[in-house]
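First up is the structure itself, then whatever we jot down about it.
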Amino acid sequence: ATLAACVLASRSARPAGGSTQAAAAAAAVGTSAPVFDAAAATKLLRSFQEARWRALGPDWDAAALSSAAEGPALQHLRAQSNQYASRGWFQRFKLSSLRVTAVNPAGPGAARVEAALRESSSMYGVDGRRADEVASEYDVVYRVAAGSDGRWRVASFKVLGKEPGEGGLMGWLRR
């Protein structure tokens, strides 16, 4: 399937009568194009979170980032990983919940994904001792895109904090 044929769907975007926008769009292009729905978004976001955790963890392993991120999201997380490594900092994360609340088409091979996350993170200093611990609940708006290899990746994201910790990811950068 080509990028233009990628069909996006949201569970909340079901018209009366039971068929989804994805099915209608697939029929319109005459193909059974892959569907990017809430389940696919959840899988991508879990992969993205795991890659982020490795990049900001004690080994600063950014190798997996390119499998789940591209563009500004990839550049941001690589820079953050490099900053942590140069200062000897690292974080450990625990995801308590990830709930995709909306998946909306944003052009051929692109979607806007809204999600609610709850995680805890501990920040460690150069001495390896825990410096701080934050439990956060936050919303994130992701822009995702299908690459030429057919894989979906996070292209950009904006954290919309609900609590003072603002999700650990951005809270640490604003201190």
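The values are calculated or read from the model by the stated rules, or taken from the named source; none is laboratory data. Predicted, not measured: the structure shown is a model, and the values here were computed from it. Note that each Cβ is placed from the backbone with ideal geometry, even for glycine, and that neighbours are counted across all protein chains shown. What goes into the accessible areas is simple: the full protein's heavy atoms, side chains included, and nothing from ligands, DNA or RNA. Shrake-Rupley method; radii C 1.70, N 1.55, O 1.52, S 1.80 Å.
Of the residues making up the stretch 89-117, not one is on the phi > 0 side of the Ramachandran plot and modelled with pLDDT of 95 or more. Scanning the stretch 27-59 for residues that are open to solvent by 10 Å² or more (accessible area, probe 1.4 Å), touching a helix residue (DSSP H, G or I) at 6+ places or on another chain (Cβ under 6 Å) and at pLDDT 95 or above turns up just one, Ser47. The conditions of being at pLDDT below 95 and either loosely packed, with under 15 Cβ neighbours inside 10 Å or outside any helix (DSSP H, G or I) (or both) are not met by Ala79. Taken over the stretch 60-75, the criterion of being out of contact with any helix residue (DSSP H, G or I) (no Cβ under 9 Å at 6 or more places or on another chain) and surrounded by 15 or more Cβ atoms within 10 Å (Cβ to Cβ) is satisfied by Glu70 alone.
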